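Each value in this text was obtained by applying a stated rule to the coordinates, not by laboratory testing. Quick caveat, the model's predicted, so the values are computed rather than measured. Glycine gets a Cβ as well: all are built from the backbone with ideal geometry, and neighbour counts include every protein chain shown.
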């Protein structure tokens with residue numbers, strides 16, 4: 001009988017820990033979403049057709065948002081938070097934009113060169 005009580009107590013403790021961890025991950029995801037929006041806005045500025053998107057700016061952008069990329073990838077790897085939830089926050093879009101940033105620079109500068 002004591003083993004059943006101990007097992008139930010441990011199960012309750014583990015469930016509470018998982019729930020607390022999930023709340024923490026959701027809070028981190030919301031903060032990441034704010035940073036992802038900032039990344040998107042910065043990328044929009046850099047890829048404006050009137051702007052020559054330099055390699056130096058590309059390197060700075062990648063370096064500035066590298067911690068966010070790591071954090072978002074970690075969130076997607078977690079079993080305690082759903083990918084759908086993260087996608088709804090726009091984090092999947094961030095990953096896609098970040099993956100294509102070099103191509104965005106190339107396209108922008110191709111257009112910029114044509115205009116000058």
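Among the residues here, residue 47 does not qualify as without any contact (Cβ under 8 Å) to a residue 12 or more places away in the chain, in contact with a helix residue (DSSP H, G or I) (Cβ under 9 Å, 6 or more places away or on another chain) and under 19 Å from residue 101 (Cβ atoms).
Tally the residues that are closer than 23 Å to residue 85 by Cα and without any contact (Cβ under 8 Å) to a residue 60 or more places away in the chain, restricting the search to segment 1-31. Steps first, please.
Initially, segment 1-31 is screened for residues closer than 23 Å to residue 85 by Cα, giving 14-31.
Imposing the further condition that a residue be without any contact (Cβ under 8 Å) to a residue 60 or more places away in the chain reduces the set to 14-17, 19-28, 30-31.
Total meeting the criteria: 16.
Looking at segment 77-86, can you tell me whether even one residue there is closer than 11 Å to residue 39 by Cβ and under 9 Å from the mean Cα position of the chain (by Cα)?
No, every residue in segment 77-86 fails to be closer than 11 Å to residue 39 by Cβ and under 9 Å from the mean Cα position of the chain (by Cα).
With respect to the conditions (1) without any contact (Cβ under 8 Å) to a residue 12 or more places away in the chain; (2) more than 15 Å from residue 98 (Cβ to Cβ), residue 87 falls short on a single one, namely (2).
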